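The structure appears below as structure tokens.
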Amino acid sequence: MGECSFKKLDMIRAHNMPSIETLLEELAFILREKKYDPLRYRGDDNLAYWVLRFLGADLIPVGDCDEKIPIDKLGFYRLADYDEYNVAHEPFMLVMVGKPTPLVKLYIEKRKPPFIWAKLEWYNPYSLSVKDRIAWQMIELSLDKCELSRYDGMIEVSSSNTGIALAALAAILGVDFKVLLPAFAPLENERILRLLGAEVERTSAGITTELIDKVRSEAMDKNLYHPDQFNNDANLLAHMRYTARELLIQLEHARVKPSKLVLLSGTSGTASAVSFLLTNYYHHDPPETFIVTPAPNEKIEGIRRLETGVKWLDKIGVEYKVVEVKRSEALEGIRLAAKINGIIPGVSGGAAISAIRKLYDNGVIQKKDNVVTIIPDTGFKYPHAIEKLVG
Ligand code: PLP
């Protein structure tokens with residue numbers, strides 16, 4: 001008889017990812033029990049690998065393992081990849097250091113509950129936004145499969161942040177990169193993209209499924225790698241493994257049990273991972289999920305209405321309510337965060353703060369609530385929005 005031992009997950013090569021439905025079902029099971037059952041995966045190393053990778057584990061059990069293993073033994077609560085001294089030996093590794101991004105208790109009324117636990121994603125290095133991790137993960141998975149070297153360049157549709165993160169990585173890797181940027185994206189971001197060496201094409205409309213389909217066929221014709229953040233499961237993987245897991249570990253550390261999640265949706269990657277992870281982890285008393293979208297005919301950078309098509313939100317098995325926010329309200333959300341907390345979120349972060357304020361004013365959020373949100377980027381990137389607020 002052999003015995004049960006543990007191997008580093010990173011030492012194993014990636015194979016094709018199973019369907020996202022299968023992975024989510026297995027993950028829900030593990031998060032609820034907080035135990036991993038090796039017997040469920042005996043004979044299916046590929047599924048075991050991907051389940052553990054999505055879980056953010058750094059070890060995989062090998063050999064004759066018959067007993068369930070608590071997830072802490074697999075490294076679920078360990079932020080193992082991070083260098084505590086914040087040293088990156090390659091620009092490519094910058095995305096891994098200086099983590100986790102901060103979780104900060106904010107207020108909507110000075111020093112009074114309800115408490116808003118906000119994770120500040122502008123502490124990421126390339127795009128100063130929540131998108132660094134997914135850009136890196138989409139590229140890392142392609143490198144695993146040696147996919148990137150087969151292409152003559154890369155192309156992506158982005159409202160700015162994913163484009164900037166990918167442009168930085170493309171510069172590091174020496175890959176040609178073209179980004180399709182919607183007309184409303186700020187000029188400053190276009191300049192940053194150009195500075196990073198990306199080719200920028202402005203699109204007349206916003207980001208639609210037709211546009212994404214058009215880019216997919218352009219990529220095929222010209223042999224370009226199309227990361228496709230809207231459909232690539234590496235997006236959900238990055239948020240599950242990093243953004244959402246970090247958040248959970250930080251909340252546990254702060255002894256905060258979340259009761260309301262107020263989350264933004266662009267591709268739905270962040271919101272789906274965070275809502276899925278926290279709802280299953282706290283399944284005895286799950287938090288309520290609210291998804292923030294722009295009100296009809298309103299533009300808020302980085303987020304979209306759900307009917308424009310989002311891949312993951314309806315696959316995670318969590319019920320949610322939609323909160324609509326106007327652009328003017330999102331700007332007031334920035335002002336509120338600045339005046340009361342001294343922090344300046346971007347326009348979508350302002351929308352999240354404004355949605356929380358609205359839910360509080362309507363009595364849906366109460367003083368006793370611990371509200372969790374993700375602030376995707378910083379208001380320093382939107383000088384026009386700030387100009388509107390202060391003239
Ligand atoms: N806010 C900003 C500024 C963004 O750039 C994005 C994504 O592009 C989001 C929010 C939404 O994140 P997700 O695509 O994970 O739903």
Exercise for review: Kindly indicate the residue of the range 353-371 that is within 16 Å of the ligand (Cβ to nearest atom) and in contact with a helix residue (DSSP H, G or I) (Cβ under 7 Å, 6 or more places away or on another chain) and also nearest to residue 119 (Cα to Cα) among those meeting that condition.
Suggested key: 353
Study note, to complete from the structure: Restricting the range 199-212 to residues that are at pLDDT 90 or above and charged (D, E, K, R), the one nearest to residue 384 (Cα to Cα) turns out to be 202
Practice item. Tally the residues that are open to solvent by less than 20 Å² (accessible area, probe 1.4 Å) and free of Cβ contacts under 8 Å to residues at least 60 places away in the same chain, restricting the search to the range 40-57. Key: 7
Study note, to complete from the structure: Conditions (1) touching a Gly at 6+ places or on another chain (Cβ under 9 Å); (2) of a type in the set (A, V, I, L, M, F, W, C); (3) away from the ligand (no atom under 16 Å from the Cβ); (4) open to solvent by 30 Å² or more (accessible area, probe 1.4 Å) -> residue 173 fails only (1)
Exercise for review: Could you look through the range 282-306, keep only residues that are open to solvent by 20 Å² or more (accessible area, probe 1.4 Å) and within 26 Å of residue 28 (Cα to Cα), and pick out the one that is farthest from the ligand (Cβ to nearest atom)?
Suggested key: 284
**Study point:** Count of residues meeting criterion [away from the ligand (no atom under 12 Å from the Cβ) and either over 19 Å from the mean Cα position of the chain (by Cα) or without any contact (Cβ under 8 Å) to a residue 60 or more places away in the chain (or both)] in the range 309-324
**Key:** 8
Revision key, fill the gap. Residue hits (the range 115-135; open to solvent by 40 Å² or more (accessible area, probe 1.4 Å), in contact with a Lys or Arg (Cβ under 9 Å, 6 or more places away or on another chain) and more than 13 Å from the ligand (Cβ to nearest atom)) are 115, 123
Check your understanding: Out of all the residues in the range 255-263, is one or more open to solvent by 30 Å² or more (accessible area, probe 1.4 Å) and within 13 Å of the ligand (Cβ to nearest atom)?
Key -> no
Review point. Can you tell me which of 166, 237, 196 is under 29 Å from residue 82 (Cα atoms), open to solvent by 40 Å² or more (accessible area, probe 1.4 Å) and at pLDDT 95 or above?
Key: 196
Point to revise | Verdict on residue 278 being among the aliphatic types (A, V, I, L, M), buried (at least 23 other Cβ atoms within 10 Å of the Cβ) and within 14 Å of the ligand (Cβ to nearest atom) | key: no
Study note, to complete from the structure: Inside the range 374-385, the number of residues satisfying the requirement of being within 11 Å of the ligand (Cβ to nearest atom) and of a type outside the set (A, V, I, L, M) is 6
Check your understanding: Which residue pairs have Cβ atoms under 7 Å apart, sit 6 or more places apart or on different chains, and have a first residue in the range 69-95 that is closer than 22 Å to residue 171 by Cα and a second that is basic (Lys, Arg)?
Key -> 95/133
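The values are calculated or read from the model by the stated rules, or taken from the named source; none is laboratory data. In this text the structure is predicted, and so the values were computed from the model without any measurement. Note that we place each Cβ from the backbone using ideal geometry, even for glycine, and neighbour counts take in every protein chain shown. Remember, those area values only see protein heavy atoms, side chains included, never the ligands or the DNA or RNA. Shrake-Rupley method; radii C 1.70, N 1.55, O 1.52, S 1.80 Å.
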